[in-house]
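The values are calculated or read from the model by the stated rules, or taken from the named source; none is laboratory data. The model shown is predicted, which means the values in this text are computed figures rather than measured ones. Cβ placement follows ideal geometry from the backbone for every residue including glycine, while neighbour counts extend to all protein chains displayed.
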Amino acid sequence: MNSLLADAAVAWQVARKDALSELRGRYLAGSTLFFAALVLLLFGFALGPDSRRLAEAAPGLLWLAIVFGSLLTVARLHQLEAEDGALDELARYPVERHAIFLGKALAAMAALVVLGGVLLPVVAILYGIDLAGAWLALLAALLLGAAGLAAVGTFYAGVTVRMQAREVLLPLLMLPVVAPLLLAAVKATTVALAGDPFGELSAWLQLLAVFDVVMIVAGAVTYGHLLEE
Amino acid sequence: MGTRILGAVALLAVAGASAYALFGVPPDANQGEAQRIMYVHVPSAWLGYLSFGVTALAGIGYLWKRDLRLDAVALAGAEIGVMFTAFTIWAGMMWGQPVWGVFWQWEDPRLTTTALLLALYVGYLLFRRLTDDPHRRAARAAVVGIIAAVDIPIVHFSVEWWRGLHQGPTIGSPDKVLNPSAPPLFVITLLSMLLSFTLVWLWLMIRRYQLARIEWQIEEHGRLGRLTAARRASRAAVAPSDGAVERA
């Protein structure tokens, strides 16, 4: 019990540190949010001015923008540290490796929840959809989706952080793995916006939760092998 | 020598089974000649999954024992698995066009899962190629392989739900060939193809494993060579400056 509390404290400190550097660097507000919003704007151009078609595609486009934004977010959270050798220092601390993983994933998840929270109204405005009736379901989908993206992303950012080709490799490795998350999150968002006429919402949220649990456990167990040099 | 005999036996077995599947067994009543594609499609799919299973297990074994020979097995599994999986998808599309009317059927969980499987392991191989240190490569490849392996069932379920909750059209699926109600002649042909393909797979795995061992010896040799060259160069760099001092 005590070791669990200690792990939670370590994870919290790591998350706090990452969140602080993210806030002070203003990376999220400065580049990631702008990039994701730009992606949403370009989808509008790609799909044409037909507003009904855009509204239909909105959940998928929203989640693609979040997935693209997550690539930038997780890469940066590792990159900042690796550049100063701080990641090696972190690995030398006598703390559990899975606590470091959970902390970094928590910080990434927080950043992604903020990202999604900003993008939702952008989607509502650009593609003309009404969010008001479904906000609770949308929040649940966003939290679960952000947790899964953060877990997978933190793992693969740890895999690629020391590699020359990381900009190419991170998306190549991460995107196929998050495909089921994308599918479930888009379906959950779609049925939530439609008012869940067939009662499918909980099934898709459960699928997201299962994905999250599997990936958080797998990442926490294996992350230690990535810090070893 | 043993591997060579295995290779010859595998080649003969595939030739024999293929000849029978092409000319011996009659065409399917519904699917016609296109159904013969199943005799190579199903064995390839099975070997793709088997290869990736071997890669995941060998990766776990490496993390446990830290033996580079297990990493060679993982590499062999991933490369050969990618080859069979790519062939599976290609053969499946060739079958899908005449039978389903389309090359690609999004709501078929098998097809979609297999496509993602291919993407996962192409990424795995690319990752391996871009890492130099053998032990670091082995450990990281092992964890990447493990994550890919745990992702596969989730992918399969999610696509199955996609179709299930959607109530999409019920489509003819490739595994109808393995249906117990299928005439025994078809089943025997398929099983003999499965067996002969598996022999080829075994031969490829052994050869790829041996090749990986040789590649590492060369890598190791190159590293030693560079080390001695660097030492000689540093000695040579010291010597002429001494001479220059004397001449001055």
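Only residues that are assigned to a helix (DSSP H, G or I) and surrounded by fewer than 17 Cβ atoms within 10 Å (Cβ to Cβ) were counted across the stretch B:88-112, and they come to 4.
To keep it simple, each residue is scored yes or no on (1) at pLDDT 90 or above; (2) among the aliphatic types (A, V, I, L, M).
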| site | (1), (2) |
| --- | --- |
| A:Ala107 | yes, yes |
| A:Ala132 | no, yes |
| A:Ala137 | yes, yes |
| A:Ala146 | yes, yes |
| A:Gly153 | yes, no |
| A:Tyr156 | yes, no |
| A:Arg162 | no, no |
| A:Leu173 | yes, yes |
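Taking B:Ile5 as the residue in question, decide whether it is over 20 Å from B:Ala149 (Cα atoms), exposed (fewer than 13 other Cβ atoms within 10 Å of the Cβ) and among the β-branched types (Val, Ile, Thr). So B:Ile5 passes the test. The residue that is farthest from the other protein chains (Cβ to nearest Cβ), counting only those in the stretch A:150-173 that are surrounded by fewer than 17 Cβ atoms within 10 Å (Cβ to Cβ) and part of a loop (DSSP other than H, G, I, E, B), is A:Arg162. Say whether the condition of being polar (S, T, N, Q), free of Cβ contacts under 8 Å to residues at least 40 places away in the same chain and farther than 16 Å from B:Ala149 by Cβ is met by at least one residue in the stretch A:186-199. No: zero hits.
Can you say whether A:Asp88 is in a helix (DSSP H, G or I) and either small (Gly, Ala, Ser) or closer than 23 Å to A:Arg162 by Cβ (or both), as far as the supplied structure shows? Criteria met by A:Asp88.
In the stretch B:121-130, the qualifying residues are those that are buried (at least 19 other Cβ atoms within 10 Å of the Cβ) and not aromatic (Phe, Trp, Tyr), and the one that is nearest to the other protein chains (Cβ to nearest Cβ) is B:Gly123. Out of A:Val95, A:Val113, one residue alone is surrounded by 16 or more Cβ atoms within 10 Å (Cβ to Cβ) and outside any helix (DSSP H, G or I). It is A:Val95. Would you confirm, using the coordinates I've provided, whether A:Ile129 is in a loop (DSSP other than H, G, I, E, B) and in contact (Cβ under 8 Å) with a residue 60 or more places away in the chain? Against the criterion (in a loop (DSSP other than H, G, I, E, B) and in contact (Cβ under 8 Å) with a residue 60 or more places away in the chain), A:Ile129 qualifies.
So is B:Ala45 within 27 Å of B:Ala138 (Cβ to Cβ) and crowded, with 19+ Cβ neighbours inside 10 Å or not? No; evaluated as a whole, the condition is false for this residue.
Looking across the stretch B:19-42, the residues that are touching a residue at least 12 places away in the same chain (Cβ under 8 Å), in a helix (DSSP H, G or I) and surrounded by fewer than 18 Cβ atoms within 10 Å (Cβ to Cβ) come down to B:Tyr20, B:Leu22, B:Gly24, B:Ala34.
Of a type in the set (A, V, I, L, M) and surrounded by fewer than 17 Cβ atoms within 10 Å (Cβ to Cβ): is that true of A:Ile100 in this structure? Taking the combined requirement at face value, the residue does not satisfy it. If you check A:Asp212, A:Asp196 for being more than 10 Å from chain B (Cβ to nearest Cβ), modelled with pLDDT under 95 and either touching a helix residue (DSSP H, G or I) at 6+ places or on another chain (Cβ under 8 Å) or not in a loop (DSSP other than H, G, I, E, B) (or both), only one passes: A:Asp196.
Per-residue answers, yes or no, for (1) assigned to a helix (DSSP H, G or I); (2) more than 11 Å from chain A (Cβ to nearest Cβ); (3) modelled with pLDDT of 85 or more:
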| residue | (1), (2), (3) |
| --- | --- |
| B:Leu116 | yes, no, yes |
| B:Ala119 | yes, no, yes |
| B:Asp132 | no, no, no |
| B:Ala139 | yes, no, yes |
| B:Ala142 | yes, no, yes |
| B:Gly164 | yes, no, no |
| B:Ser181 | no, yes, no |
| B:Ser192 | yes, yes, yes |
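Give the residue, chosen from A:Leu112, A:Leu136, that is within 29 Å of A:Gln79 (Cα to Cα) and more than 14 Å from chain B (Cβ to nearest Cβ). One residue alone meets the criteria, A:Leu112.
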